[in-house]
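Let me begin by presenting the structure, written as structure tokens, before commenting on it.
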Amino acid sequence: MNQSNDLMPVVVQDVKNNNVLMVAFTNEEAMELTKKTGYMHYWSRSKQRIWKKGGTSGNVQKVVEILGDCDHDAILARVEQTGVACHNGTYSCFFKDPLPPNDIISELWSVFEERRKSQCESSYTCRLFKNRNLLLKKIAEESSEVIIAAKDGKREEVVNEMADLMYHLMVLLFDERIPIQDVYRELEVRRK
């Protein structure tokens with residue numbers, strides 16, 4: 001199973017909640033690395049090489065259990081997921097009511113990823129990533145400005161201050177490696 005034509009699909013499941021995170025492919029060599037290291041390795045069909053999940057992003061998948069199906073032609077990998085599973089920055093590659101690609105939240109997530117990699121000194125977002133106290137102070141400040149604008153009944157100011165607050169909260173979520181879909185799911189649970 002060393003060649004790409006000997007691939008086997010792997011369904012990856014989060015052991016915490018049984019959610020399906022992603023589907024990838026593996027071969028014999030990638031499975032040996034997975035067993036040896038305790039972390040998921042896959043075969044990249046586009047790059048024609050083995051890759052460790054989270055090798056560059058830090059979003060690793062620690063193996064809890066590997067199960068083969070009854071026909072020995074598919075694998076279920078139950079893992080402890082660190083961070084997000086999807087390359088698009090979402091918790092899972094599968095989710096209900098996905099955000100459209102041009103959604104501002106998706107765009108901001110991409111900007112955050114780029115800013116974290118670039119470490120640009122002139123970027124306000126980079127400064128927030130580097131200074132947790134500044135970020136937390138801005139969240140408190142923007143929260144109070146939302147309250148004041150709402151108390152005064154100034155709709156446009158409420159919108160502006162809410163945008164500021166939401167931006168800073170999203171920077172915090174990103175910095176904590178918490179996908180915004182986790183917040184959406186929590187809201188869904190509370191709605192019930």
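Quick note: the coordinates plus some simple rules give every number you see, no bench work behind them. The structure presented is a predicted model; accordingly, all values stated were derived computationally and were not measured. Please note: Cβ atoms are built from the backbone with ideal geometry, for glycine as well, and neighbour counts cover all protein chains shown.
Odds and ends about this structure:
- Taking the range 40-91 and dividing mean pair separation by its residue count, relative contact order in percent (alpha carbons under 8 Å, at least six apart): 26
- Sum of side-chain charges, VAL63 neighbourhood, beta-carbon under 12 Å (Lys, Arg +1; Asp, Glu -1): +4
- When only alpha carbons are used to place a centre, the range 15-52 and the range 123-192 end up 35 Å from one another.
- Inter-probe distance in nm under a simple model that places probes 7 Å from Cα toward Cβ, at VAL23 and GLU121: 4.9
- Here is how the number arises for the chain: DSSP H runs of 4 or more residues each give -39500 (n - 2.57), the sum is divided by the residue count, and the result at 222 nm is -14500 deg cm²/dmol.
- Of [x] 29, 20, 18; [y] 39, 19, 13; [z] 28, 17, 15, the label for semi-axes √(5λ) of the Cα gyration tensor in Å derived from the coordinates: [y]
- Database remark: amide H of GLY83 closer than 5 angstrom to no amide H (H placed geometrically; neighbours at sequence offset of 5 or more, or on other chains; Pro and chain starts carry no H).
- Largest mean-square fluctuation among ASP73, ASP182, ASP164, in a Gaussian network model of the chain whose springs join Cα atoms under 10 Å apart, belongs to ASP73.
- Sorting GLU142, GLU186 from the fewest to the most surrounding beta carbons within 10 angstrom yields GLU186, GLU142.
- Under the convention that each Lys and Arg Cβ holds +1 and each Asp and Glu Cβ holds -1, the size of the dipole of the chain around its Cα centre is about 440 debye.
- Relative contact order of the chain: 15 percent, from C-alpha pairs under 8 Å at least 6 residues apart in sequence.
- Built amide H within the under 5 Å cut-off of GLN13, gap 5+: LEU21, ALA77, ARG78, VAL79
- With neighbours defined as other Cβ atoms within 10 Å of a residue's Cβ, the residues MET22, MET8, MET162 order from fewest to most as MET162, MET8, MET22.
- Radius 9 Å from Cβ of THR82, net charge of other residues (Lys, Arg +1; Asp, Glu -1): +1
- When SER144, SER92 are arranged by Cβ crowding within 10 Å, least crowded first, meaning fewest neighbours, the order is SER144, SER92.
- Charge sum, other residues only, whose C-beta stays under 15 Å from SER144's C-beta, Lys/Arg counted +1 and Asp/Glu -1: -3
- Here the simple spin-label model places points 7 Å from the Cα toward Cβ, and for ALA163 and GLU107 these points are separated by 1.1 nm.
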